[in-house]
Amino acid sequence: MLTTDDGCRIWTDVTGDGPRVVLVHGGPGWWDVFHHLSLPGFTLHRWDQRGCGRSDRRGPYTLDRYVADLATVAGPDPCIVIGHSWGAALALEYAQAHPHAVERLVLVSSVGLDGPPADYRARRAALLAETPEDDPWIAQISVNIADRETAVDWSRKLNTPWFEPNPVCAEALRAELHALPDRAAACARAVVPTLLVHGAEDLRPPYVTDSLLDALPNAERVVLDGVGHYPWVEDPDGFQKVVREFLAS
């Protein structure tokens with residue numbers, strides 16, 4: 001457990017050897033699901049954001065506080081940061097606030113600067129209606145995986161161990177993120193080389209990240225075919241290949 005400057009205990013897990021990679025999970029209000037990510041030759045830092053999973057269930061639930069928590073996890077030396085979904089937004093906020101603390105930035109399954117497309121909820125509801133799963137949480141996660149035959153099984157694996165989601169945290173952070181003025185202009189501060197990794201079958205299609213490609217000074221995008229919202233479990237070899245090539249460039 002790490003302890004932040006305001007006394008919040010943050011659960012962390014460090015594995016591997018090599019250049020440091022800090023993983024920023026999605027949500028908000030969820031917990032780390034990177035336990036299936038493999039990146040040999042790197043030191044992986046997993047953690048549960050405050051209010052989530054194994055970390056203390058306490059606020060404040062603000063972007064500034066979460067950026068400060070990420071700084072605590074990352075430590076004083078520059079590192080690679082990989083953020084998924086909501087975690088991509090948090091990683092980007094961190095890179096904007098601390099541009100010299102990030103060596104490389106990887107934004108996985110980001111929803112861009114404008115959020116999901118207008119038909120997202122309808123497409124999600126249609127998939128949910130066709131999902132043979134009694135557990136509503138597992139069913140909700142499963143719609144994000146492209147292969148419908150393995151989607152429920154993978155959702156169970158991703159959510160083992162399972163913790164209670166934090167809706168208070170989620171609502172507060174989403175509201176603050178949506179209220180930020182001119183996020184595109186703020187992207188100019190994130191000068192770090194940035195890779196956008198997206199699944200072609202994500203319910204939030206790759207084009208939602210066009211706004212990031214336009215706004216970030218040094219960004220590129222790779223789209224993985226046949227992949228939904230969790231590229232490192234749906235195409236582990238493809239995901240590892242594109243990330244390794246980017247980190248070596």
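Among the numbered conditions (1) closer than 18 Å to E103 by Cβ; (2) aliphatic (A, V, I, L, M); (3) touching a residue at least 60 places away in the same chain (Cβ under 8 Å); (4) touching a strand residue (DSSP E or B) at 6+ places or on another chain (Cβ under 6 Å), the only one that A190 does not meet is (4). Taking the numbered list (1) touching a residue at least 12 places away in the same chain (Cβ under 8 Å); (2) under 24 Å from S110 (Cα atoms); (3) not basic (K, R) in turn, D64 passes all entries but (1).
Exactly one residue out of L105, L128, L113 is surrounded by 13 or more Cβ atoms within 10 Å (Cβ to Cβ) and either in a strand (DSSP E or B) or touching a Phe, Trp or Tyr at 6+ places or on another chain (Cβ under 8 Å) (or both): that is L105. Scan the range 232-248 and give yes if some residue there is at pLDDT 95 or above, closer than 21 Å to V33 by Cβ and of a type in the set (F, W, Y), otherwise no. Checked against the condition, which is being at pLDDT 95 or above, closer than 21 Å to V33 by Cβ and of a type in the set (F, W, Y), the range 232-248 yields at least one hit. Restricting the first member to the range 209-228 and to residues that are surrounded by fewer than 15 Cβ atoms within 10 Å (Cβ to Cβ), and the second to residues that are assigned to a loop (DSSP other than H, G, I, E, B), the beta-carbon pairs closer than 6 Å and six or more apart or on different chains are P217/V191; N218/P193; D225/A200; G226/A146.
Residue by residue, here is whether (1) part of a loop (DSSP other than H, G, I, E, B); (2) at pLDDT 95 or above; (3) more than 28 Å from H178 (Cβ to Cβ) holds:
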site	(1), (2), (3)
G7	yes, yes, yes
T15	no, yes, yes
S38	yes, no, yes
L44	no, yes, yes
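Within the set D5, D13, the sole residue that is closer than 25 Å to L247 by Cα and in contact with a helix residue (DSSP H, G or I) (Cβ under 9 Å, 6 or more places away or on another chain) turns out to be D13. Filter the range 46-64 down to the residues that are touching a Lys or Arg at 6+ places or on another chain (Cβ under 7 Å) and either in a helix (DSSP H, G or I) or of a type in the set (S, T, Y) (or both) and list them by number. Across the range 46-64, the qualifying residue is only S55.
Of all residue pairs spaced 6 or more apart or on separate chains, none has beta-carbon atoms under 6 Å together with a first member in the range 149-164 that is over 19 Å from R54 (Cα atoms) and a second member that is exposed (fewer than 15 other Cβ atoms within 10 Å of the Cβ).
The values are calculated or read from the model by the stated rules, or taken from the named source; none is laboratory data. This one's a predicted model, so the numbers in the text were calculated from it and none came from an experiment. Here Cβ is always computed from backbone atoms with ideal geometry, including for glycine, and neighbour counts include all displayed protein chains.
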